[in-house]
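Right, one structure below, let's go through it.
Just so it is clear, none of the values below were taken in a lab; they were calculated from the coordinates. Here the structure is a predicted model, which means the values were calculated and not measured. Here the Cβ positions follow ideal geometry from the backbone for every residue, glycine too, while neighbour counts run over all protein chains shown.
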Protein chains: 4
Amino acid sequence: MTRAVDDRSDGELDPAIAERVRQTFDEMPALDLVGAELASIGVGRCEVAVPYRRDLTQQQGFLHAGVVSMIADTAGGLAARTMMPPEKTVLAVEFKINLMSPAIGDRFHAVARVLKPGRTLTICEIDVYAETGGDQGRDGEGRRHCARMQQTCIAIDRR
Amino acid sequence: MTRAVDDRSDGELDPAIAERVRQTFDEMPALDLVGAELASIGVGRCEVAVPYRRDLTQQQGFLHAGVVSMIADTAGGLAARTMMPPEKTVLAVEFKINLMSPAIGDRFHAVARVLKPGRTLTICEIDVYAETGGDQGRDGEGRRHCARMQQTCIAIDRR
Amino acid sequence: MTRAVDDRSDGELDPAIAERVRQTFDEMPALDLVGAELASIGVGRCEVAVPYRRDLTQQQGFLHAGVVSMIADTAGGLAARTMMPPEKTVLAVEFKINLMSPAIGDRFHAVARVLKPGRTLTICEIDVYAETGGDQGRDGEGRRHCARMQQTCIAIDRR
Amino acid sequence: MTRAVDDRSDGELDPAIAERVRQTFDEMPALDLVGAELASIGVGRCEVAVPYRRDLTQQQGFLHAGVVSMIADTAGGLAARTMMPPEKTVLAVEFKINLMSPAIGDRFHAVARVLKPGRTLTICEIDVYAETGGDQGRDGEGRRHCARMQQTCIAIDRR
């Protein structure tokens, strides 16, 4: 599992929380199975990426909605986690996702943002982009908005 | 990939459509990756199962919500597919899932049912059960309702 | 506001909770505005009805989705309320609704059922039926399933 | 029904479509019942507002979630409508809404934006803000983000 954490852009994230988020990511075997990477974390935000692999697709060669959901759900949960006290952990209680265009590309990027933090519930939005070609910028033509998730997370005590 | 198709309980399913559903299932590499099985199909219904594996879990050992979503989304799409004309194929356009209790168990079962078939859109509900122990019945104590999905599918022309 | 509470079918509902649910219903001015009625309550279930009125419709003469949502959301919240301790109150934190067929009829009926009660969160499903004609039975031809909602409620302390 | 259409900010909206959107708004009696106003339209966007009234509330004095949904659903549908050909009309097929903070205020504003236009389906996001006090700006302290909706609309032929 490659990991390229870039949280320099948001200096306010408590290093202890950043470390906890990274650790949580590493403790999810399912992410390793699909080859997901923690691309970036910050206060109330998180990005998770997965490179295309043939064994992640459905019958038309699109990334399976379950894999799209996996990276989006994970990014949302970890974004929520960054705004919770250290002694808490996070669980997604529900999400809704619109699969807006075919998930075809070389790499998929889930970008999560907290809409509303809360002591009990935290609401996130997560966009998933399909990227094609080499080194494209954020708004390059090689980036297509393929899914949008709206997610509710709950803070629970760590056991 | 084990497959145990049981569609005897609903004799009305057109064998050509049943074959197409099985073929679609087999054409999804992501299902093979997680070890999912097509457990049952019928008119407007489909069941997909996945045995527990450590590499499908998140940080607490629960089945990752992405895998729960994968089997639920697949079961819903295929249930919708059984009510479409042979020349069509199906895509999920959106779904919403409530993760109601921890997905802990030996085996997980997604049970899909069409709520409303349609020429363009078909609406499904999918329940996911976590099963523990050996050979339990449908309502046995070893079966816990862990997730509910509500899904919208679209019929599109096959290419 | 007409009210026809029928909770005889489920003798287990604590009368104090039944009274609290009725009271909560009566304390919602918006329900009075649309002419909604509390049709039935029981343990983990609630039915809210609204007769057709021209001023509740959208441009095609269907009941406006906002009114469909209002009766469904209310029925779900009150169904959740029946399974909470007396000192709590309930708020819907989110819901998702599929508008499956045109909401055309003489009367609309939202039927809520708790899928998963919980100390903090309770999950409900709510079906909305459009009824036409006079005195039809539950499965009569005059009853069409026009919407399905999936809802998450939270228990909070009463102030 | 007051109406303050401000579509000057987006000169590209075809006047015929703008007129059709305004007309559709005026043809919805339910919006008149709650006192909703069409606040603004543009290409792929629409704003609908409703001033506080006691008869729109639930038991705690918050705007009822059904009314919040009504203005959000309407704004989303009309935003989708602006990107469809003139001979089409629009129906919401489903939506999901998170009620993120109490809908308390003097006025409520639903701001819709098309995320993904399409020939058949159009996906929208809609934010609802509760506004208190007099003449506050868009980011003023008197504006609180109280709900987020994610909605799927379908284009159908006008009859």
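Data for the structure
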item: Estimated [θ] at 222 nm from DSSP helical runs (n ≥ 4, -39500 (n - 2.57)) normalised by residues in chain D, nearest 500; result: -7000 deg cm²/dmol
item: Other copies of B:HIS145: label-to-label distances in nm, shortest first, labels 7 Å along the beta-carbon direction; result: 1.5, 3.4, 3.6
item: Degrees separating the helix C:15-26 axis from the principal Cα axis of chain C, which is the longest one; result: 50 degrees
item: Shielding by partners, peptide B:44-55 (average Cβ within 10 angstrom, other chains); result: 1
item: Rounded if a/c under 1.5, otherwise prolate or oblate - chain D, Cα gyration tensor axes; result: prolate
item: Contact order relative to length of chain D, as percent, for alpha carbon pairs under 8 angstrom and 6 or more apart; result: 22 percent
item: DSSP loop GluC sites (Glu not before Pro) with at most 15 other Cβ within 10 Å: longest gap in chain A; result: A:28-86
item: The protein assembly as shown shape via C-alpha gyration tensor axes, a/c threshold 1.5; result: rounded
item: Chain A, rotation onto C, residue closest to that axis via Cβ, with its distance in Å; result: A:LYS96, 3
item: In sequence order, calculated HN-Hα J values of region C:69-82 (Karplus, 6.51, -1.76, 1.60; Hz; x Gly/Pro); result: 5, 4, 6, 5, 4, 5, 4, x, x, 6, 4, 4, 4, 5
item: Average partner coverage of D:97-104, which counts Cβ from other chains inside 10 Å; result: 6
item: Residue order, fewest to most surrounding Cβ atoms within 10 angstrom, among B:HIS109, C:HIS145; result: C:HIS145, B:HIS109
item: 10 Å Cβ neighbours from other chains, averaged over peptide D:25-31; result: 6
